[in-house]
Amino acid sequence: MTPFPAGDGDFVVDAHHHFWDLTKLDYEWMPPGESIIKRNYLPDDLSPILEQNGVSKTVIVQAHQSLAEAEFLLDIARDNEFVAGVVAWVDLQSPGVGEDLDRLIRRPKLVGVRHQVEEDPDDDWLIRDESIRGLRMLAERGLAYDVLARPRYLSRVPELADRVPDLRMVIDHIAKPLIKGGTLEPWATDIAAVAAIPGVHCKISGMVTEADHDVWTVADLKPYVAHIVDSFGYDRLMFGSDWPVCLLASTYDRGFAAALETVAPPTPTDRAVFLGGNALRFYRLDV
């Protein structure tokens, strides 16, 4: 796989990556013990990688459930031109969610919100009345919602879409199917039902960390991505590196090349919308 998957004419948006500073916040989801991701990852670490891979703009996505991190990421976006948008965290079940959103919206480059549903013990979090109230406020303000959910949560997404029909949603990491075990169902059926909802997008991201970290191949990913392409079509897919989490299983270069190989856009138009056009449109990025 070439380390330079982007062609000369491609405008590439990495629609999903993270930054963190372990001196500022404690990321409890990180694996115990020593790990390649347990160090600071900041713009100076990513900038040369983006240049090497022909990536023009990025979207930072939250990795800590705090307003402090939201402000931290918006500060980074303010100070770094390559960052086109921030998907931050707010407490969507809080009585004060409207005030929190209005304060953050005054900062440039806020484009969406994410809650780490995959870590929430409540399997019905997405459809709780308190969550629906917050998500309606998100939709009213024109912000997108990143759905970070494992397969068992997917069956709730159609009800969420019915109750908040104006909410723009994107499924992160193809909903983290059990790639290492080669398991397709019930993920395949449930993600197809989600794809049938008009306007819902999906990120081709985070797959390598759901595969065997040491011995994964593109062939391991292809059945899952082929189903995603068939279900969503090229005009609702976007590339995300999930850097630096991806470093648990892959370099940025290898993960990028694997995503492009598995999606296999058949036309220059399909390639262009997957690599950048869909992210620009979905997140309403000002570039």
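Could you compute the net charge surrounding Ile171? Neighbours are other residues with a C-beta less than 13 Å from the C-beta of Ile171; K and R count +1, D and E count -1. Walk me through the numbers on the way to the answer.
Numbers: positive: Arg114, Arg150, Arg156, Arg168, Lys176, Lys203, Arg236; negative: Glu118, Asp146, Asp172, Asp190.
Combined, the nearby Lys, Arg, Asp and Glu give +3.
Using only the Cα atoms of the stretch 74-142, build the gyration tensor, take square roots of its eigenvalues as a ≥ b ≥ c, and label the shape rounded, prolate or oblate: rounded if a/c is under 1.5, else prolate if a/b is larger than b/c, else oblate. Spell out each step's value before the answer.
Values: a/c = 2.72, a/b = 1.72, b/c = 1.58.
Here the stretch 74-142 falls in the prolate category.
Taking 25 Å as the cut-off for C-alpha to C-alpha distance, list the pairs among Lys38/Lys109; Lys24/Lys109; Lys109/Lys222; Lys176/Lys222; Lys57/Lys203 that go past it. Numbers along the way, then the final one.
Values: Lys38/Lys109 27 Å; Lys24/Lys109 22 Å; Lys109/Lys222 34 Å; Lys176/Lys222 14 Å; Lys57/Lys203 16 Å.
In this structure, Lys38/Lys109; Lys109/Lys222 lie more than 25 Å apart at Cα.
Taking P(r) over Cα pairs in 10 Å bins from 0, in percent straight from the coordinates, which label in (1) 6, 21, 25, 24, 17, 7, 1, 0; (2) 6, 31, 39, 22, 2; (3) 6, 25, 31, 23, 13, 3, 0 is the correct one?
This structure yields the entry labelled (2).
Apply the a/c threshold of 1.5 to the C-alpha gyration tensor of the stretch 152-287 and tell me whether it is rounded, prolate or oblate. If you can, show how the numbers build up before the last one.
Numbers: a/c = 1.69, a/b = 1.20, b/c = 1.41.
The shape class here is oblate.
Of the accessible area of the stretch 21-65, with the probe set at 1.4 angstrom, what percent is carbon plus sulfur? Don't skip to the answer; put the middle values down first.
Details: 1140 of 2420 Å².
Roughly 47 percent of what the probe reaches on the stretch 21-65 is carbon or sulfur.
Where the only charges are on Cβ atoms (+1 Lys, Arg; -1 Asp, Glu), what is the dipole of the stretch 121-247 about its Cα centre, to the nearest 20 debye?
In total the dipole reaches around 220 debye.
Counting only protein heavy atoms and using a 1.4 Å probe, what share of the accessible area of the stretch 175-287 belongs to carbon plus sulfur, as a whole percent?
On the stretch 175-287, the fraction of accessible area on carbon and sulfur atoms equals 57 percent.
What trypsin sites (Lys or Arg not before Pro) does the stretch 209-287 have in DSSP loop regions with at most 15 other beta carbons within 10 Å? Working shown, then result.
On the way: sites: Arg236, Arg254, Arg271, Arg281, Arg284; in loops: Arg284.
Hits after loop and neighbour filter: Arg284.
Considering only DSSP beta bridges where both residues belong to the chain, give the percentage that are antiparallel (nearest 5).
Taking every DSSP beta bridge within the chain, about 5 percent pair in antiparallel fashion.
About the Cα centre of the stretch 27-141, how large is the charge dipole given +1 on each Lys and Arg Cβ and -1 on each Asp and Glu Cβ? Please answer in debye to the nearest 20.
Numbers: 13 positive and 23 negative charges, 106 e Å.
Magnitude of the dipole: close to 500 debye.
Report the local net charge at Ala192: Lys and Arg +1, Asp and Glu -1, summed over other residues whose C-beta lies under 14 Å from its C-beta.
Details: positive: Arg236; negative: Glu185, Asp190, Asp230.
Cβ neighbours under 14 Å give a net charge of -2.
Can you give the charge dipole size of the chain about its Cα centre, rounded to the nearest 20 debye, using +1 on the beta carbon of Lys and Arg and -1 on the beta carbon of Asp and Glu? Could the numbers behind the result be given before it?
Values: 28 positive and 46 negative charges, 116 e Å.
Here the chain has a charge dipole of around 560 debye.
Obtain the radius of gyration and the Kirkwood radius of the stretch 110-200 from its C-alpha atoms and give Rg over Rh.
So for the stretch 110-200, dividing Rg by the Kirkwood Rh gives 0.96.
Over the chain, give the accessible area per residue in Å² for a 1.4 Å probe, as an integer.
I get 41 Å² per residue for the chain.
Across all directions of projection, what mean area in square nanometres is found for the Cα convex hull of the stretch 1-152?
Numbers: hull surface 43.7 nm².
Convex hull of Cα atoms, orientation-averaged projection: 10.9 nm².
The values are calculated or read from the model by the stated rules, or taken from the named source; none is laboratory data. It should be emphasised that the depicted structure is a prediction, and the values quoted were computed from it without experimental measurement. Neighbour counts run over all protein chains shown; Cβ positions are idealised from the backbone, glycine included. These area figures cover heavy atoms from the full protein model, side chains too; ligands, DNA and RNA do not enter into them. Shrake-Rupley method; radii C 1.70, N 1.55, O 1.52, S 1.80 Å.
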